[in-house]
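Below is one structure, written out as structure tokens, with a few remarks after it.
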Amino acid sequence: LSMRRIPMNKGRVFIISGPSGSGKDTLMKKVFEKAPDILFSISSITRPMRVGEAEGEKYNFISRERFEEMIANDELLEHNVFVGNYYGTPKAPVLNAVNDGKNMLIEVDVNGAYQILEKIPDAVSIFIMPPSLEILKARLTGRGTDEQSVIDKRLFEALREISCAKDYDYIVVNDDLETAANEFVSIISVDKFKTDRNLELINKILNK
Ligand code: 5GP
């Protein structure tokens, strides 16, 4: 028991990944309605803001110069280049949350997930899956505005990410949104019963 690494009373890092077409963003919103006490890591990114996005909600929109400074200063837990732009997870908010005993959700691509797991091996990883190839294709085509070549590229990327799903601790299939959100929250809920989060209680009783 004493060999286990996670210090007691610490919060858990939950890593969420899922391809475009998995409905990850909508699912995350639902999860926060159901579990408002979990914190969300705001990524720093260099891509331009899209219509409907706001600074500081899901992302901090920063310059390339500032991003490269963050890399140089070791301010990032992980970072990656996605379609020519930088995406990264600032380290301090994650470490502060965990030290305060709070759970932190970090949404990253598969590459970012591997980087976080190297640094925080006891992070819990959850992969959001589309229910079937047919539904994935339909969701990627759904907007109806993109050319076939763009859709094909998205589908290829999605399948590449799905091929890494087997490395995650949990798979949540996003078919019915409400069901998927409940399943996701149940993974977070059960985590507090894991032995590594209850070592203090065991020690307290044994040391009396
Ligand atoms: P989008 O530009 O569509 O918002 O996001 C593109 C991809 O970047 C998505 O797969 C998303 O999960 C991923 N992503 C978002 N934030 C981060 C981050 O902080 N680090 C990494 N590695 N990927 C991120």
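Of all residues assigned to segment 116-139, at least one qualifies as being within 13 Å of the chain's Cα centre (by Cα), within 29 Å of Leu39 (Cβ to Cβ) and polar (S, T, N, Q). Can you confirm whether Gly101 is closer than 26 Å to Asp191 by Cβ and in contact with a helix residue (DSSP H, G or I) (Cβ under 8 Å, 6 or more places away or on another chain)? Spelling it out, it is not the case that Gly101 is closer than 26 Å to Asp191 by Cβ and in contact with a helix residue (DSSP H, G or I) (Cβ under 8 Å, 6 or more places away or on another chain). Inside segment 23-63, residues that are of a type in the set (Lys, Arg), within 11 Å of the ligand (Cβ to nearest atom) and more than 14 Å from the chain's Cα centre (by Cα) make up a count of 2.
May I ask you to verify whether Gly88 is within 9 Å of the ligand (Cβ to nearest atom), closer than 29 Å to Ala181 by Cα and either open to solvent by less than 90 Å² (accessible area, probe 1.4 Å) or assigned to a strand (DSSP E or B) (or both)? In short, yes.
Across segment 135-142, a minimum of one residue is classified as surrounded by fewer than 16 Cβ atoms within 10 Å (Cβ to Cβ) and of a type outside the set (Val, Ile, Thr). Mind counting the residues in segment 172-208 that are open to solvent by 90 Å² or more (accessible area, probe 1.4 Å) and aliphatic (A, V, I, L, M)? Of the residues in segment 172-208, 3 are open to solvent by 90 Å² or more (accessible area, probe 1.4 Å) and aliphatic (A, V, I, L, M).
For segment 64-85, the tally of residues that are open to solvent by 30 Å² or more (accessible area, probe 1.4 Å), more than 28 Å from Val185 (Cβ to Cβ) and within 14 Å of the ligand (Cβ to nearest atom) stands at 7. Scan segment 171-189 for residues that are under 17 Å from Gly21 (Cα atoms) and within 16 Å of the chain's Cα centre (by Cα) and the total you get is 6.
The values are calculated or read from the model by the stated rules, or taken from the named source; none is laboratory data. In this text the structure is predicted, and so the values were computed from the model without any measurement. Note: ideal-geometry Cβ built from the backbone for every residue, glycine included; neighbour counts use all protein chains shown. The protein model used for the area step is the full one, side chains on, heavy atoms only, and it has no ligands, DNA or RNA in it. Shrake-Rupley method; radii C 1.70, N 1.55, O 1.52, S 1.80 Å.
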